[in-house]
Structure formats: structure tokens, C-alpha cells
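Enquirer: Once you've had a glance at the structure underneath, I'll fire off some questions.
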Amino acid sequence: MTERIYIFDTTLRDGEQAPGISLNQREKVEIAEQLARLEVDVIEAGFPVSSPSDFEAVKAVAKTVKGPVICALARTDRNDIDWAWEALMYAERPLIHTFLSTSEYHMKYQLKKTPKQVLEMAREAVAYARKYVENVEFSAMDATRSDPAFLYQVYAAAIKAGATVINIPDTVGYALPDEFAALVRGVMENVPGIEKVVVSVHCHNDLGLAVANSIAAAKAGARQIECAVNGLGERAGNASLEEIVMIINTRRDATDMTTGVNTREIYQTSRLVSMLTGYNVQPNKAVVGENAFAHESGIHQDGVLKHRQTYEIMSPEDVGLVESEIYLGKHSGRHALKAKLEEMGFYLDDKGLERAFIRFKELAGKKKEISVKDIEAIALDEIRTLEELFQLDYMQSSSGTGAIPIAAVKLSREGKSYEATSTGDGQVDAVCKAILKATKVKAKLKAYQVQAITKGLDAMGDVTIKLDVEGHEVVGRGVSPDIIEASARAYINAINRAVQKGLLEKKKLALKARSSGAAKKAPAKKAAKKASAAKKSAKKSAKKSKA
Ligand code: KIV
Ligand code: ZN
């Protein structure tokens, strides 16, 4: 029988842990909505206790995104679980994901706990999380370097305490496919109660084996795969969602598996994530890279022209890669732009739409043909721009042979204006220095990259900038037909991410323990009330459906 594999997307949690990525609430909701259109089964929206902004983002996703299960991560502390529930309580189908390390390295050197203590902590955390939600996932961090016999005991305790999903992470990307498959089989054969729960896997890509390990695990009996769009994640990243899904889809003959993913949304999801995170997709990346369907050599081109399947094992249309047709021009009005944006899945508010329209008109005055990618780039730039952060209102720069490059900028933030001028080693340098002067931010440029969004000399420039702010890496991205303006937008975007991360205000990121103060306790009571009401109604409907 064909096995249904659940796709658990962790782009917004583990993916966001990749250096330099810091998505704001609006960007997280935008990506989560796209993940819902992609029809993933679970969206891990974040780690609420890690920062106030992550808490708010998870809450916003839980409130707005319908369809998939919405999950939040929590360590085994009660405080983490409380915050996870408070962010998740609005979700249609909430899932608390709690984790604890089980390897000797982690227990001894990081946690400084004995195996006995770890076992008890896991049991206690799952039982506590079950007070809030019906669905609890337990992960044994660094499972692949843990003693299997101990791992089985921890999983058994977690299941007994009410875990509904048991996750086996290859946290450091250490396992080989046959070893990992054997571990999955070991868990399935030796853990009492395992038949009642979903067995999940979560693989990191340190040795480039995350996808191979995930598929080997599914063949060995795992039913859920945790993965991230474009393979984003800690260090070398997580298993790439698009590769997992397309392997299952393309090689159904060999895997006898299926997923619920709408593969035609893959390409759009990959682009959205790339544009909003600032992480470019390498051209030769499987499934979503620019060259994934490009045939360069004469022999290959000849073959594909004669019969597509000679050199193509999947079609570009299967992953939603369609030629970007031209559909709007300089005579198109606001309504046409709004309708087209909505058709593409972008819903801008009135101000955002107005700004996008002005930029669209400017572009239409410069370029003969406006493509889907141009419109998409403008829309994404608007999504990146939040009212409470710095906005670019005006910029001018000049240079020439023998002349000193000079730039002037005017920014605004919450109704206040910030202006400055500066010279520099080039126009980009001058404009970036002017931005630093205007915002009074101290930052060091670590990397600068420019690429064209479409072909031709009039293409929009897409600039990615990496900054070091207070010892933290932040990535910004900006687009414009003028690459100096694209650079300014990317620079401001990176500064805004530093603002969001609280790096400039030097605020402590971690939320304080909730136990102190009655004001903090109130929402917990409310949450517990809602949880018990939710449980009661779940029990009622279970009775009804039995009857
Ligand atoms: O890699 C890992 O072990 C994790 C856990 C939190 C599941 O990300
Ligand atoms: Zn991970």
C-alpha cells in the first residue's frame, strides 16, 4: 500500500536559525501562508520563548494561517511550554514540540544531567505540554549519537506521558543512510507503544546526506519528514523540502510513498523564501536552482527537443516553473496591479499598494517589458518594509571620472525624518555611509552581491548585503532598476533586521520567567481554561463520531 508521508516544514524555525536570517512577523505570516498553499502538513512557526518578536510571529501565524497543523518549539522547561502554548492557543490545530538531548556529549557537557534526570525531564515536559494540547511531539536531540538502549527508554517514557509524535533528529548531520535507517528500525522494534504514534525524522546536512538520510528513514518506516524550503537551517541546513517531495513524487515506483504537497507551488515558495531571507538559491541546486531544467550541451538540447524525457525526469511545470509572461505595461492602473498581485498571492495594504504602484510606474517608464519576476520583486520589497522601521524616502547620488562620489539620503521612521550626505569610494559606498550617518548605526559590511532579476540591460538589480552589527550577522535585500537604489534598500533592510533583532536597542532578547508577577500569570490561566475547554470539546466530538 502506498504510504502517506507527512511533510513537517521547519523553515520558520530551524531555517530561521541560519546565520543572518531574521524574519519579521509579516514575512513569517507571508511564508506560512505560502506553505499552506503548498499544502504541507505541519508548519513549525518558531520558538516563542527565544524572543518577543518570535513569540508575536508564532501567534500571528497561529491566528491567521488555516489548514496545516501549527507547531511551536519549546525546551523541556515549563516556562518554554507556557510560552509555546500562549503563542499557539489561537491555532486550529496546535502542536507543541518539546526537545531534550539524549547523547552522552550533550547530557554530560551541555546539560550537565544524568541519564536518569534526562528521562524524568522528558517525561515531565510531555505530560505538562499535554495539559495544553492534544498533540505533542518529543525530539531526542542528537539521537544519532545517543546510546540506542537509552534512546528507546526515553521515547517509551515520552509516549507513556502522552507524546503523539516521536522525532529522531540527526542534529549534527553525522549519520549515514544505512545507519540511520537501522536506527529508525531499532526504534520501531524496541519502543513500547511506538505503533500508536507518528515516527518523525529531522536530518541536518553537515555531510550533505540530509535528504538521503530522510528518504532512507521513510523507507525504514518513518512517517513524517522534517525539512525546510531551500534546505535552510542551522550550519549546513536541514533536509531540503523540495528535494524530499520531488524524490517521493518522481520515484513513486521505488518508494511507494506519497505526500499531500501541491508540487506546483514549490518554485514560488522557494523564491519567496529566498527573497525574504536573503539566502540566494545556488544555480545548480536540485529542483529549484536556475539551471535545474536548463540544458546546455548540444546533445542534451537535441535529445530534449526530440523527446523531453530523454534528459528530463520531471517537468518544470510539475514544480510550478512557468515562463514569466508579460502582462502589465505603463498604461496599467492600480486596480490591474492589485488584481495581478492578488492572483500571485500578494495582498498588500493600501499604503504598500500605493508604494508598489509608484515603483511599478517608474519601472514601466524605464523598461519596455515588465515581467512576473519584476512585479514579484517589487511586492516582496514592500512586504520587507514595515512602517515602524526605517524607510527610504529619497536618495540621490552622483559620480564620474575624476569626480568624488557623493550621496544624499532621506529616511523616515515612525513619522520622524533622518537625513545625511556622505562621500565614498564609489556611489554604493557613499550611499551606504550616508545611511549609517542618518541612522547613527555602527555596522561593518561583510558581503555585497548584485544579480539581475530578469535578462537584459534594463533588468532590475537584486542586491544582497551582509552586515555585522554589534557582532551579529544580518542580511538585507533590496531591488530596483537602479543598482545604487537597490543597494540603499538592501542596506536599510539589513539595518531594519538589526532593529527587529533588538541589536541596536541592546535589549535582552530572552523573555523573563513567567512565574514572577500576577499580571504574567493571568494569560496562563486563560490558556489553561481554553486548553481544558478545547480538550472537553475534542472528547465530545470523539464520542459523537464513535456514536
Ligand atoms: O536539530 C535538532 O535536533 C533540532 C531539534 C530541536 C529537533 O532542531
Ligand atoms: Zn535541527
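The values are calculated or read from the model by the stated rules, or taken from the named source; none is laboratory data. Bear in mind that the values here come from a model prediction, so they are computed numbers and not experimental data. Virtual Cβ from ideal backbone geometry, glycine too; neighbours counted across all protein chains shown. Areas reflect the complete protein model, heavy atoms only, side chains present, ligands, DNA and RNA absent. Shrake-Rupley method; radii C 1.70, N 1.55, O 1.52, S 1.80 Å.
Enquirer: Of everything in segment 232-270, what is within 16 Å of ligand 1 (Cβ to nearest atom), open to solvent by 20 Å² or more (accessible area, probe 1.4 Å) and of a type in the set (Gly, Ala, Ser)? Give them in sequence order.
Expert: ALA236
Enquirer: Does segment 67-90 contain at least one residue that is within 17 Å of ALA163 (Cα to Cα), of a type in the set (Val, Ile, Thr), open to solvent by 10 Å² or more (accessible area, probe 1.4 Å) and assigned by TED's automatic domain parsing to the domain that holds ASN238?
Expert: There is at least one residue in segment 67-90 that is within 17 Å of ALA163 (Cα to Cα), of a type in the set (Val, Ile, Thr), open to solvent by 10 Å² or more (accessible area, probe 1.4 Å) and assigned by TED's automatic domain parsing to the domain that holds ASN238.
Enquirer: From the list GLU342, GLU325, GLU290, exactly one residue is modelled with pLDDT under 85, under 20 Å from LYS455 (Cβ atoms) and open to solvent by 20 Å² or more (accessible area, probe 1.4 Å). Which is it?
Expert: On the way: GLU342 fails: under 20 Å from LYS455 (Cβ atoms); GLU290 fails: modelled with pLDDT under 85.
Every option except GLU325 fails the conditions.
Enquirer: Applying the selection to segment 220-260, what residues are of a type outside the set (S, T, N, Q), more than 16 Å from ligand 2 (Cβ to nearest atom) and in contact with a strand residue (DSSP E or B) (Cβ under 6 Å, 6 or more places away or on another chain)? If you could, list the steps in order and put the result at the bottom.
Expert: To start, the set of residues in segment 220-260 that are of a type outside the set (S, T, N, Q) comprises 220-223, 225-229, 231-237, 239, 241-248, 251-254, 256-257, 260.
Adding the requirement that they be more than 16 Å from ligand 2 (Cβ to nearest atom) leaves 220-221, 223, 242-243, 245-248, 251-254, 256-257, 260.
Matches in segment 220-260: ARG223, ILE248, MET257.
Enquirer: State whether one or more residues within segment 188-200 are touching a residue at least 12 places away in the same chain (Cβ under 8 Å), within 11 Å of ligand 1 (Cβ to nearest atom) and within 26 Å of the chain's Cα centre (by Cα).
Expert: In the first step, residues of segment 188-200 are kept if they are touching a residue at least 12 places away in the same chain (Cβ under 8 Å); the result is 188, 190-194, 196-200.
Narrowing the set further to residues that are within 11 Å of ligand 1 (Cβ to nearest atom) leaves 200.
From what's left, within 26 Å of the chain's Cα centre (by Cα): 200.
Within segment 188-200, one or more residues are touching a residue at least 12 places away in the same chain (Cβ under 8 Å), within 11 Å of ligand 1 (Cβ to nearest atom) and within 26 Å of the chain's Cα centre (by Cα).
Enquirer: Residues to consider are ALA161, ALA157, ALA181; find the one that is in contact with a Leu (Cβ under 6 Å, 6 or more places away or on another chain), over 21 Å from ILE43 (Cβ atoms), open to solvent by less than 30 Å² (accessible area, probe 1.4 Å) and away from ligand 1 (no atom under 16 Å from the Cβ).
Expert: Values: ALA161 fails: in contact with a Leu (Cβ under 6 Å, 6 or more places away or on another chain); ALA181 fails: in contact with a Leu (Cβ under 6 Å, 6 or more places away or on another chain).
The conditions single out ALA157.
Enquirer: Being within 16 Å of ligand 2 (Cβ to nearest atom) and without any contact (Cβ under 8 Å) to a residue 60 or more places away in the chain is the filter here; which residues of segment 1-44 pass it?
Expert: LEU12, ILE43
Enquirer: For VAL201, indicate whether it is of a type in the set (Val, Ile, Thr), farther than 17 Å from VAL118 by Cα, in a loop (DSSP other than H, G, I, E, B) and within 16 Å of ligand 2 (Cβ to nearest atom). Working first, answer last.
Expert: Details: of a type in the set (Val, Ile, Thr): yes; farther than 17 Å from VAL118 by Cα: yes; in a loop (DSSP other than H, G, I, E, B): no; within 16 Å of ligand 2 (Cβ to nearest atom): yes.
When the stated conditions are applied, VAL201 does not pass them.
Enquirer: Continuing with the same structure: For PHE47, only one of the following conditions fails: (1) closer than 14 Å to GLY67 by Cα; (2) touching a Leu at 6+ places or on another chain (Cβ under 7 Å); (3) within 14 Å of ligand 2 (Cβ to nearest atom). What is its number?
Expert: Answer for PHE47: the failing condition is (1).
Enquirer: In segment 138-152, which residues are within 27 Å of GLU234 (Cβ to Cβ), part of a helix (DSSP H, G or I) and more than 16 Å from ligand 2 (Cβ to nearest atom)?
Expert: Of the residues in segment 138-152, the ones within 27 Å of GLU234 (Cβ to Cβ) are 138-148, 150-152.
Then keep just the ones that are part of a helix (DSSP H, G or I); that gives 143-145, 148, 150-152.
Answer for segment 138-152, where residues must be within 27 Å of GLU234 (Cβ to Cβ), part of a helix (DSSP H, G or I) and more than 16 Å from ligand 2 (Cβ to nearest atom): PRO148, PHE150, LEU151, TYR152.
Enquirer: Let me ask something else. When you look at LYS338, is it outside the structural domain of THR421 (by TED's automatic domain parsing) and under 30 Å from VAL499 (Cβ atoms), yes or no? Break it down stepwise before answering.
Expert: Values: outside the structural domain of THR421 (by TED's automatic domain parsing): yes; under 30 Å from VAL499 (Cβ atoms): yes.
So LYS338 fits the description; yes.
Enquirer: Still on this model: If you scan segment 203-216, which residues turn out to be open to solvent by less than 10 Å² (accessible area, probe 1.4 Å) and touching a Pro at 6+ places or on another chain (Cβ under 6 Å)?
Expert: Answer for segment 203-216, where residues must be open to solvent by less than 10 Å² (accessible area, probe 1.4 Å) and touching a Pro at 6+ places or on another chain (Cβ under 6 Å): just ASN213.
Enquirer: Could you please tell me which pairs satisfy a Cβ distance under 6 Å, a separation of 6+ or placement on different chains, a first residue in segment 65-87 that is charged (D, E, K, R), and a second residue that is in a helix (DSSP H, G or I) and away from ligand 2 (no atom under 16 Å from the Cβ)?
Expert: Once the first residue is charged (D, E, K, R) and sits in segment 65-87, its partners that are in a helix (DSSP H, G or I) and away from ligand 2 (no atom under 16 Å from the Cβ) give ARG78/TYR128; ASP80/VAL49; ASP82/ALA524; GLU86/PRO523; GLU86/ALA527.
Enquirer: Within segment 217-231, take every residue that is assigned to a loop (DSSP other than H, G, I, E, B) and away from ligand 1 (no atom under 16 Å from the Cβ) and give me the one that is surrounded by the fewest Cβ atoms within 10 Å (Cβ to Cβ).
Expert: Of the residues in segment 217-231, the ones assigned to a loop (DSSP other than H, G, I, E, B) are 220-223.
Checking the rest, the ones that are also away from ligand 1 (no atom under 16 Å from the Cβ) come to 220-221, 223.
Details: ALA220: 20, GLY221: 15, ARG223: 17.
Out of the qualifying residues, it is GLY221.
Enquirer: Select from segment 185-202 the residues that are farther than 24 Å from VAL69 by Cα and open to solvent by less than 20 Å² (accessible area, probe 1.4 Å) and list them in ascending order.
Expert: GLY186, VAL187, VAL191
Enquirer: Starting from segment 496-508, take each residue that is open to solvent by 60 Å² or more (accessible area, probe 1.4 Å) and list its partners that are at pLDDT below 80, counting only C-beta distances under 9 angstrom and pairs at least six apart or across chains.
Expert: Filtered contacts from segment 496-508: LYS508/GLY502.
Enquirer: Taking the condition aliphatic (A, V, I, L, M), within 11 Å of ligand 2 (Cβ to nearest atom), open to solvent by less than 10 Å² (accessible area, probe 1.4 Å) and at pLDDT 95 or above, does ALA175 pass? Before you say what the answer is, go through the steps one by one.
Expert: Working: aliphatic (A, V, I, L, M): yes; within 11 Å of ligand 2 (Cβ to nearest atom): no; open to solvent by less than 10 Å² (accessible area, probe 1.4 Å): yes; at pLDDT 95 or above: yes.
No, not satisfied.
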